[in-house]
Amino acid sequence: SSATSNGLATPKGWDEDGNGTVDTVYAGDRLGNLWKFDLSGSNVAKWETAFKSSGSPAPLFAATDSSGNRQPITSGVTIGLNPRNGSNAGKRYVFFGTGQFLTAADQSSTAVNSWYGLIDEGVRISGRSDLKQRSLTNQTTVSGQLVRTVSRAASGDMSGKAGWVLDLISPANGQQGERIVSDPSLLGPVLFASSIIPSSASCAVGGSGFVNAVDPYTGGSLDSPFFD
């Protein structure tokens, strides 16, 4: 509506029972809501959001920064099952990043955006306090390229957590308006996402960004060097 401008990003379907039909659909919106839709029933009239609050549709999760500001979701999501042993073995993860690059104001925004890996266990996730916090750490230049690292996961530190969150705050420059506006990609034991840092100069083209890779099921750094 004109009062609350919103829009749904690209949806992604999931076939829970492997019978060739979609049972669940996930999609984010510009208000930071990550929605889960239940399409498992044979009666189309009963297809609806998976969660409700006081009788109204409710999201699986609402993405906010550490100050409670909503983080828009304009990219699609990626879904994966954790193949490892441990407390989260076999659980379904939903991966997505936040941020938008749609309006003139977005070009100069330095708002904090994040990369998320949520565990869907059939209950709503109340907020980022339920997630394990990861961070960007050392940043330096190697062979003329700006590189950085991600904090490591400790053994067992995902136990009891509903997923992880990585804030896109530069360890060297702080808030730069870095954001993820394209779908993450899951390739075996590695989760990728490209982030962008638009130029704030008027009518400027270009900008910068990073190709990021983390452990999908902890949000921490990979166990061995990955990029050549």
_Label-point separation, T110 to L186 (7 Å along Cα→Cβ), nm_ = 3.6
_Could you identify which residue out of S114, S170, S54 has the top mean-square fluctuation in a GNM of the chain using Cα springs shorter than 10 Å?_
S54
_Surface share of carbon and sulfur [accessible, 1.4 angstrom probe, percent] for the range 114-228_ = 51
*Can you tell which of R92, R148, R30 shows the greatest fluctuation in a Gaussian network model of the chain with Cα springs below 10 Å?*
R148
*Just from its helices, what would the mean residue ellipticity at 222 nm be for the chain, if runs of 4 or more DSSP H residues each count -39500 (n - 2.57) and the sum is divided by every residue, rounded to the nearest 500 deg cm²/dmol?*
0 deg cm²/dmol
*asked:* Below 8 Å between Cα atoms, with a sequence gap of 6+, how large is the relative contact order for the range 98-215 in percent?
replied: 28
*asked:* Between V205 and R148, what's the calculated FRET efficiency when r is the beta-carbon distance and R0 is 25 Å? Round to 0.05.
replied: 0.55
*Please build a GNM for the chain, connecting alpha carbons under 10 Å apart, and tell me which residue among N85, N138, N212 fluctuates the most.*
N85
*Value of relative contact order over the chain, rounded to a whole percent, pairs C-alpha under 8 Å and six or more apart*: 15
*Return the sequence-ordered ³J(HN,Hα) values of the range 141-152 in whole Hz as given by the Karplus equation 6.51 cos²θ - 1.76 cosθ + 1.60 applied to θ = phi - 60°, using x for Gly and Pro.*
10, 10, 6, x, 10, 6, 10, 8, 10, 10, 4, 7
_Sites F101 and T141 - FRET efficiency at Förster radius 22 Å, r taken between beta-carbons, to 0.05_ = 0.30
_Can you tell me the length gained on complete extension of the stretch Q133 to K91, counting 0.36 nm per residue apart and subtracting the Cα distance?_
13.2 nm
*Expressed in nm to one decimal, what extension gain is obtained for the pair N19 and S53 from 0.36 nm per residue of sequence separation less their Cα-Cα distance?*
9.2 nm
*Go through the range 33-47 residue by residue and turn each phi into a ³J(HN,Hα) via Karplus (6.51, -1.76, 1.60, θ = phi - 60°); whole Hz please, and just put x for glycine and proline.*
7, 9, 8, 10, 10, 9, 10, 6, x, 6, 8, 4, 5, 9, 5
*asked:* Looking at the chain, I'd like the Rg to Rh ratio, where Rg is from alpha-carbon atoms and Rh is Kirkwood's inverse mean 1/r.
replied: 0.97
*Kindly write out, for the range 168-174 in residue order, the coupling ³J(HN,Hα) from the Karplus curve 6.51 cos²θ - 1.76 cosθ + 1.60 (θ = phi - 60°), rounded to whole Hz, with x marking Gly and Pro.*
8, 10, 5, x, 9, 10, x
*Provide the per residue accessible area, probe 1.4 Å, for the chain, rounded to a whole number of square angstrom.*
50
*Taking only pairs that are 8 or more places apart or on different chains, how many Lys pairs in the chain have Cα atoms under 22 angstrom apart?*
12
*Cβ-Cβ FRET estimate between S224 and S2, R0 fixed at 41 Å, reported to 0.05*: 0.20
*For the range 148-208 versus the range 1-77, the gap between their alpha-carbon centres in whole angstrom*: 22
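The values are calculated or read from the model by the stated rules, or taken from the named source; none is laboratory data. Every value quoted in this text rests on a predicted model; they were computed, and no experiment measured them. All Cβ positions, glycine included, derive from the backbone under ideal geometry; neighbour counts span all protein chains shown. With ligands, DNA and RNA removed, areas are computed over all heavy atoms of the protein, side chains included. Shrake-Rupley method; radii C 1.70, N 1.55, O 1.52, S 1.80 Å.
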